[in-house]
Amino acid sequence: MTTNKSATLLSIIIPAYNYAHLIERALNSIFNQWHDNIEVIVINDGSTDSTQQVLSRYKDQLNRPLTLKARNNAISAATGRYVWLLDADDELAENSIAAVLTCLAENQPELLLGSHVNVKPDGKRKTLTRKPASDNRLENFIAYLDKTMPMMHGAFVVKRDLIQHYPYPEDLSHAEDIPVFAWLVANTNPKIITDVLVNIHKHANSRRHNSSAAIETGMQLVDTLFDSKYLSNEY
């Protein structure tokens, strides 16, 4: 089966590193709610476990298109007008693709923010419903930094050409997504929907929740975030 790349509206990208035991859950959450105007790209960035074998087997058994890349820039591999990044240890919420596609078609936002569910290791779930955004970009920027306007992979969709303008810093060893999220919030007027877009799975091995690694980046993270190339003087 092939897709018409010119008609691709949404590219769902999963960066995967040593998540052989979880990547199928993420993929199933997408393909179980498939739409023809999306594409799915998995970037296997040097995994040393059996991630590549799991991906190859999954693709061979699939009757839908799935693109596998190795050590590639995930954004440049996409062809959709919009990009939706999903961490390999998480999963899209049920009916989230339909909700996103409807919003994109009706509103054509630069940045779309949705709600999410935190899932603890014991299975307990907590829904965090997205609150309205301010019309003031500086206020939204401050809200992101003080965590009253959270952003995380899976809970936002962004125009591909916009996120290409705010690339993930390659010189940060951890928390490289924080500057990107801050730049996007500071330079757009987000469209908010209350639909749950992603289930965020909390687990001890997740680098997302590794506070020690985040502290190691220290002032380098601060300097990167407030780079005048991406933020005006008011910030």
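The values are calculated or read from the model by the stated rules, or taken from the named source; none is laboratory data. In this text, all values refer to a predicted model and were calculated from it rather than measured experimentally. A quick note on method: Cβ atoms are made from the backbone with ideal geometry, for glycine too, and the neighbour counts reach across all protein chains shown. The protein model used for the area step is the full one, side chains on, heavy atoms only, and it has no ligands, DNA or RNA in it. Shrake-Rupley method; radii C 1.70, N 1.55, O 1.52, S 1.80 Å.
Of all helices (runs of 4 or more DSSP H) completely enclosed by region 1-116, which ones contain at least 2 residues that are charged (D, E, K, R), open to solvent by less than 10 Å² (accessible area, probe 1.4 Å) and at pLDDT 95 or above?
In region 1-116, no matching helices (runs of 4 or more DSSP H) lie anywhere.
Looking only at region 111-133, decide whether some residue is in contact (Cβ under 8 Å) with a residue 24 or more places away in the chain, under 13 Å from TRP183 (Cα atoms) and either aromatic (Phe, Trp, Tyr) or touching a helix residue (DSSP H, G or I) at 6+ places or on another chain (Cβ under 6 Å) (or both).
Yes, there is a match, as at least one residue in region 111-133 is in contact (Cβ under 8 Å) with a residue 24 or more places away in the chain, under 13 Å from TRP183 (Cα atoms) and either aromatic (Phe, Trp, Tyr) or touching a helix residue (DSSP H, G or I) at 6+ places or on another chain (Cβ under 6 Å) (or both).
Do we find that LYS147 is out of contact with any Lys or Arg (no Cβ under 8 Å at 6 or more places or on another chain) and free of Cβ contacts under 8 Å to residues at least 12 places away in the same chain in this structure?
Here the answer is yes, as LYS147 does meet what is asked.
Being among the charged types (D, E, K, R) and at positive phi, is that true of even one residue in region 29-49?
No - not one qualifying residue is present in region 29-49.
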